[in-house]
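Bear in mind that the values in this text are calculations on the coordinates, not laboratory data. Model, not experiment: these values are computed from the prediction. When we count neighbours, we look across all protein chains shown, and the Cβ atoms used for this are built from the backbone with ideal geometry, even at glycine.
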Amino acid sequence: MIIDMKHLNLNNSGFFSAKGRRSRGVRAARTLMWSAFMVPLLLMGACEDDPEDYRQIPVPSYPEVDVPTYMTVAVEASNDVDITRQGRFEYAVSTTGTDPQLILDKLAGAFNADSCVLTFEYRSDSTIRDVELYFAEPLSATRMMKASPIPASMVSGEGTSGDNDAWAKWSVDLGFQAINMSWGAPQDYLRIDLGQTEGIDIEIKNIHFRPRTAEEAATGDVLDQLADNKANYLTKTFESAVSNVNVTTDKVTISGICSGEGLFSLVEIAPYMVDGMFEGHFESEYMIEVSGSFNKELDRFVTRGDFKFDRALSKWAIVKHTGEYDVLVSAARYADQIQTKASAPAAVLKTKKGLGGIAAGQAEYRTDYADLGISCTVINIQPTHFSKTSGGGSDLTHEFGGKTYYFDKALVEGVDADLEMAAQNNLVVAAIILIPPANSPFHAGHPEDGTLIQHPDFNGGSYTMPNLTTIESANYYAAALDFMAQRYCGNDFSHGRIHHFIMHNEVDMGYSWTNMGSPTMETYVDTYVNSMRIAYNIVRQYDQNAEIFGSFAHSWAVANDAKSYVVKDMLDRINGYSHTEGDFRWALAYHSYPSSLIDPKTWNDAQATFDMDSPMVTFKNLEVLDKWVNMPEHMYKGTTRRSVWLSENSAASPSYSETDLANQAACFAYAWKKMNKLTGINSIHWHPFDHPTEIAQHPNQRFGLRKSWEDAEEPCAKKPIWFLYQAAGTADEDAKFAPYIDVINETANDPISSWDDIMHTVL
């Protein structure tokens, strides 16, 4: 029997390791095959001619040969294709629609970086263009690479050669992208998109990975460096450096030094180019030749298409030209200084007491700001709700980036009213910037703008990450922020003032609250930091005391669920960008609810531990958050502690029973006493009332200081927690708070004798 070693699927039989290396079992099998064939011949020779014992004849050795591990196609999972198996590793494929997808079966073992060239043999009489590869899971536009076309291998018509039906080979190097996408674990898989044309027939066989050829390796080394740059960007020490970026009214001055031999260029990386920063290709208009120590003065504003782009929003890096690639040899750097347009005085928090969600229309509790001694508040603002790329009539206008943008006057005046009310009560305000997706009713009057600002990978959720992938969408986003900064952050506070900006909402649960599909944590945070930097570089031109907050739920070292990210890892990455690309005044907006949203007894939160690897941060273990922000390596420029606002917090009274109301009040007492003993927590913001919509959806989530204004028996009635909130920070605090030690002890796993007992040292 002849065994076809080429098509033997030894990997599936367990003979090959994940990297395609042969086991001793294979070598033994080959030795047995050789012996079965050669022994009879040797015996014949010994009997007729050679008296020497055949067993003394040495067995020849053969060089080790790596046999490819062929990959199979997930026939049923593929899309817009008709697939016929012609052999174990051979397929006849016909495209039946405009989105033909060939999905390969999941990897049985880890991807071998030494064999990173995907290749297969094929026959086709048509060229397939627009070939794309997706690195799953997850499937996302951010995890896609474009590949070279698959040329026609057969030529029809008279006079064709006898080799017309010969198999051709197609290959693509995945080494760079595998690292770039953190792809290649067991159960990962590839999707190959075969263009956009229906009715193409192609035969494909022997899909496998192989090592690079010598020629491919020359390019591959550069690609690997690009991949290494991305994978280790935040920890890598580069030989060259951009040392300073200074932005004046009309100029940008960039200083730096190029080290080593070769040709170098200073490259501008605009916000809409951040995703391509490590791909090795920059257009010439973004590059300026430099060498040695340099100091380059450029125009701040540059015309690009229909836009007059503001380079104050860009970052700058040095690249070395290596063949056809531009390899990053420095970290990128944002502006260190931007000339100011206004200079607002710093806001000072008189107390740590805040309220969430101000609304001028809620007359029922407008007096609470004064009655409760509130010092700060937050407000939800959806800037693309009232901003438009076209308009007229009564619309307000704003010039930015060479374009005129339009703002709905009535909607803007609604924001004015909220902020004016806050100003009347001397409240420090943080605006929560939320971006509605394209299908939101907030875009009903201008749906084209919703489509423009929605992230290309958006796949559901209440809000979207802003689309920063094109100059048009990035400029639209920046224009809305600039309009707000000019109106609410400058010297003229006639419309009220915004002191700080909270960028989006609970980004660790981005799939719901700031959606951009299902990217890796690294990709998600990269985009998030880009959004934060745009806001920072705009807002700080008007208010040099403004901080840009990141927004997080109450998980910490463990993700909230399978679709969420780990907050601690996200913070470390944001902090890494601060160290690498120039620090900026970002801060933390944390939502430290009890671990259960329907159980106010935070003192029993089992997932809140007193160590830096605690799964959650709730009121019980605020010490963890306090320790993190007080570490020098996490401070702004190593010296200034970043602000922490508990910007959305509450404990529910599951009902209006005396016990539930007492436990809710006790939870606030516990949180207040703890945070006032900590230096790292600036403020706490409680829900002002039980929201009727939330109660309708979740009857046990009654978070407010007051009952709902729709309560049938006592609309807007003050709950016991209201009076405790009022006493906090006053001479009445200790007397009002004391009874709640007993309330806590009724259910506490670890009873306390005084408020000192709630404090713990974090390991």
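By the beta-carbon count within 10 Å of each Cβ, the least crowded to most crowded order of Lys677, Lys320, Lys146, fewest first, is Lys146, Lys677, Lys320. With contributions of -39500 (n - 2.57) from each DSSP H run of at least four residues, the per-residue ellipticity at 222 nm computed over the chain stands at -7500 deg cm²/dmol.
From the cross-link list Lys251/Lys388; Lys169/Lys230; Lys236/Lys563; Lys146/Lys308; Lys620/Lys719, which pairs have alpha carbons spaced over 24 Å apart?
Details: Lys251/Lys388 29 Å; Lys169/Lys230 30 Å; Lys236/Lys563 29 Å; Lys146/Lys308 30 Å; Lys620/Lys719 22 Å.
Exceeds cut-off: Lys251/Lys388; Lys169/Lys230; Lys236/Lys563; Lys146/Lys308.
When only alpha carbons are used to place a centre, the range 545-564 and the range 697-752 end up 26 Å from one another.
Farthest towards the positive end of the charge dipole of the range 220-356, among the residues Gly323, Gly262, Val242, is the Cα of Val242, using unit charges on the Cβ of Lys, Arg, Asp and Glu.
Axis angle, to the nearest 10 degrees, between helix 658-675 and the longest C-alpha principal axis of the chain: 80 degrees.
Could you give the size of the charge dipole of the chain about its Cα centre, using +1 on the Cβ of each K and R and -1 on the Cβ of each D and E, expressed in debye and rounded to the nearest 20?
1700 debye
Summarising the amide proton neighbourhood of Arg304: residues at separation of 5 or more, or on other chains, whose placed amide H is nearer than 5 Å comprise Phe309.
Relative intensity of the range 514-589 on a log10 scale, I(q)/I(0) at q = 0.18, 0.19 Å⁻¹, equals -0.75, -0.83, per a Debye sum over C-alpha point scatterers of equal strength in the absence of solvent. Rg and Dmax over the alpha-carbon atoms of the chain stand at 32.1, 117 Å.
I need the semi-axes of the equivalent ellipsoid of the range 355-480: take the C-alpha gyration tensor, multiply each eigenvalue by 5, square-root it, list largest first in whole angstrom. Before the final figure, lay out each step's value.
Values: eigenvalues 175, 56, 33 Å².
The answer is 30, 17, 13 Å, longest axis first.
When each of Val558, Val617 is scored by the number of other beta-carbon atoms lying within 10 Å, the sequence from fewest to most is Val558, Val617.
Charge dipole of the range 542-585 (Cα centre as origin; +1 on each Lys and Arg Cβ, -1 on each Asp and Glu Cβ, all else neutral): 160 debye, rounded to the nearest 20. The equivalent ellipsoid of the range 81-216 has semi-axes of 26, 17, 14 Å, largest first, where each one is the square root of 5 times an eigenvalue of the Cα gyration tensor. Counting Lys and Arg as +1 and Asp and Glu as -1 over every other residue whose Cβ lies under 11 Å from the Cβ of Pro751, the net charge comes to -4. In this simple spin-label approximation, Ala735 and Lys146 carry label points 7 Å from Cα along the Cα→Cβ vector, and these lie 7.4 nm apart.
Rg of the Cα atoms in the range 232-338, relative to 2.2 N^0.38 Å, amounts to 1.01.
Relative contact order for the range 216-297: what percent, with Cα pairs under 8 Å and sequence separation of 6 or more? Relative contact order here is 31 percent.
Can you compute the charge dipole magnitude of the range 232-338 about its Cα centre, using +1 on each Lys and Arg Cβ and -1 on each Asp and Glu Cβ, nothing else charged? Give it in debye, rounded to the nearest 20. Write out the running numbers ahead of the final one.
Working: 10 positive and 16 negative charges, 71 e Å.
Using Cβ point charges on Lys, Arg, Asp and Glu, the range 232-338 gives about 340 debye.
Between Ala728, Ala332, Ile548, the Cα set farthest toward the positive side of the dipole of the chain (charges on each charged residue's Cβ, about the Cα centre) is that of Ala728. Within the range 543-569, which residues have the backbone N less than 18 Å from the label spot 7 Å out from Ala606 along Cα→beta-carbon, could you tell me? Flagged as within label range: 555-561.
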